[in-house]
Amino acid sequence: MGVRKRGGVYHYQFQVKGVTYCGTLPTATTGAEARAQEADEKAKVRLGLRPEQIIDDDFCKFVNDVYLKQAANKASYRHDEFRCAVLTGYFAGRRFRDIKPILVSKFIKDRLATMIKRHNQKSPATHSRSPVTVHKEVTLLSGIFNMAIQEKVATDNPCRALPKAVRRMIRARSKRRCAMTPEKESLLINSGLTGRYAHLRPVCLFDLHTGLRLSEVTRLEREHINLENESKWFEIDGESHEVPKDCFIVIRSKTDRPRVIPLNAQARSVAVHQLNDATVSRFIFPSSKTDGQIKEVKKGLAGACKQAGIKYGLAVPDGITFHSLRHWFSSKLEDFGVSKTVRRDLLGHEPRDMTDDYTHSTIEMRRRAVSLLCQTSAQKVVKMASKSGRSLARG
């Protein structure tokens, strides 16, 4: 309560007879002027010259009735929804003014101390919660407070005042080395993705040569791929995107930026195989259970790795996951001397600075880059088995 300066503008908040009033004082240039103008606002309230401004600053009510409705069109809405459930569960019954930095710090420590289960683990929880997960939750909490400040429901953001020692506990991301090697890649393709695990062969081969995130490759549709001589055009968020021959477009990505990726010989071979399959109706790699998107590949890939004698799992030393294929895609391109700009545009990463934002790659630069992956003797085009798309993509 009182007068505070944020972003070069003074803000005030006070209560009269249990009713909260708040606003900005754009003409105040000093703290003394701001306090004098706040006193004028209080006088207006007492004299009945200002209508009551009743604020419902219940945290849970704001999250459910305001924030989630505004975030409904975000690509990350599904993640925001379950993270909001975590936040509202912890801060239930609290108002924005009750949530202070010390309470947010306690939330962070409590979340980090919680043991969790991995995947389909049936035994008692044995793994610590990832600091990256808690960082995402606190980032969302900060975003909720920022919206609440704009809506005049909150006056400040406690996430900005967290002690440095607490911030260091929740790093933004886990940096880890790529566990994939040429030997592991050969074992996975020739020994792992065979027999009962052959259904994962197309999607893994395609990812090794395109570097897509799992969510991107499972959302890839027939119409997104162009094998014709004429270019395809897509209208996305008011912008036109050209997809030339032997290319495909990623419509939705983590960065909300569509990108066009060329197909090298191996990726094109997989695409042709899937497109020629009559059972593949919409998604290139459909689920055999629902005919929709593949929900997960963990169990199948874990079995393929075990069959090939490869360690699997994020928490296992030298273990690989599906995301390792994306890391390996970038690592091989770097070994071939492909520029960072081309790799950034293929992977769909955000520019890091102004110079990076001013540097772009052309479709031909990207085409030359991915074609390098098929030029060595170890990267011969693998022929696809003559099975249906559904049997090759169980989900």
Give me the one-decimal nm value for the distance between modelled label points at Ser231 and Asp98, 7 Å along each residue's Cα-to-Cβ direction. 5.8
Charge dipole (the chain, unit charges on Cβ, about Cα centre) - positive-most of Gly337, Ile294, Tyr21: Ile294
When Ile170, Ile363 are arranged by how many other beta-carbons sit within 10 Å of their Cβ, fewest first, they go Ile363, Ile170
Full-extension gain in nm, Leu372 to Thr139, via 0.36 nm per residue minus C-alpha separation: 80.0 nm
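In nm, what is the difference between 0.36 nm times the number of residues separating Asp65 and Lys306 and their Cα-Cα distance? Write out the running numbers ahead of the final one.
Working: separation 241, 0.36 × 241 = 86.76 nm, distance 4.72 nm.
Extending this stretch completely gives an extra 82.0 nm.
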Per-pair calculated FRET efficiency, R0 = 51 Å: Asp335 and His127 via Cβ, rounded to 0.05: 0.95
Charge-dipole axis of the chain as Lys and Arg at +1 and Asp and Glu at -1 on Cβ define it, positive-most pick from Gly48, Thr321, Gln266: Thr321
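Suppose a student asked you for the relative contact order of the chain, using Cα pairs under 8 Å spaced at least 6 residues apart; what percent would you report?
Numbers: 538 pairs, mean separation 55.1, N = 395.
Reported relative contact order: 14 percent.
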Relative contact order of region 59-167 (C-alpha contacts under 8 Å, at least 6 apart) in percent is 28
What ³J(HN,Hα) values, in whole Hz, does the Karplus curve 6.51 cos²θ - 1.76 cosθ + 1.60 give for region 219-233 when θ = phi - 60°, with x put for Gly and Pro? 8, 5, 10, 4, 5, 7, 9, 10, 10, 8, 5, 7, 6, 9, 10
Pair Arg196, Lys5: separation of 7 Å Cα→Cβ label points (nm): 7.0
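Which of the pairs Lys184/Lys299; Lys100/Lys254; Lys109/Lys298 have their Cα atoms more than 22 Å apart in this structure?
Those over the limit are Lys100/Lys254; Lys109/Lys298.
Residue separation times 0.36 nm, minus the C-alpha to C-alpha distance between Glu223 and Ala113: what's the value? Numbers along the way, then the final one.
Details: separation 110, 0.36 × 110 = 39.60 nm, distance 4.62 nm.
Contour length minus the Cα-Cα distance gives 35.0 nm.
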Applied in sequence order to region 278-291, the curve 6.51 cos²θ - 1.76 cosθ + 1.60 (Karplus, θ = phi - 60°) yields integer Hz couplings, x standing for Gly and Pro, of 5, 7, 8, 8, 10, 7, 4, 10, x, 7, 6, 7, 10, 6
Take the Cβ-Cβ distance between Val16 and Ala75 as r, set R0 to 51 Å, and report the resulting FRET efficiency rounded to the nearest 0.05. 0.75
Under 14 Å Cα-Cα from Lys332, which aspartates and glutamates qualify once same-chain neighbours fewer than 8 residues away are excluded? Glu183, Glu185, Asp207
Between Arg167 and His360, Cβ-based FRET efficiency (R0 35 Å, step 0.05) works out to 0.55
Out of Ser240, Ser76, Ser269, a Gaussian network model of the chain with alpha-carbon springs under 10 Å gives the largest mean-square fluctuation to Ser240
If you place +1 on the Cβ of every Lys and Arg, -1 on the Cβ of every Asp and Glu, and leave all else neutral, what size is the dipole of region 43-102 about its Cα centre, to the nearest 20 Debye? 220
Rounded to one decimal in nm, the spacing of the 7 Å Cα→Cβ label points at Thr30 and Arg50 is 2.2
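Where does the chain land on the Kirkwood hydrodynamic radius, alpha-carbon pairs, in angstrom?
Values: mean 1/r = 0.0404 Å⁻¹.
Computed over Cα pairs of the chain, the Kirkwood hydrodynamic radius comes out at 24.7 Å.
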Dipole magnitude of the chain, debye to nearest 20 (Cβ charges: Lys/Arg +1, Asp/Glu -1, about Cα centre): 1740
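Here, each number is a calculation from the coordinates, and none is a lab measurement. Nothing here was measured: the structure is a model prediction, and the numbers come from that model. For neighbour counting, all protein chains shown are included, and Cβ atoms are generated from backbone atoms with ideal geometry for every residue, glycine included.
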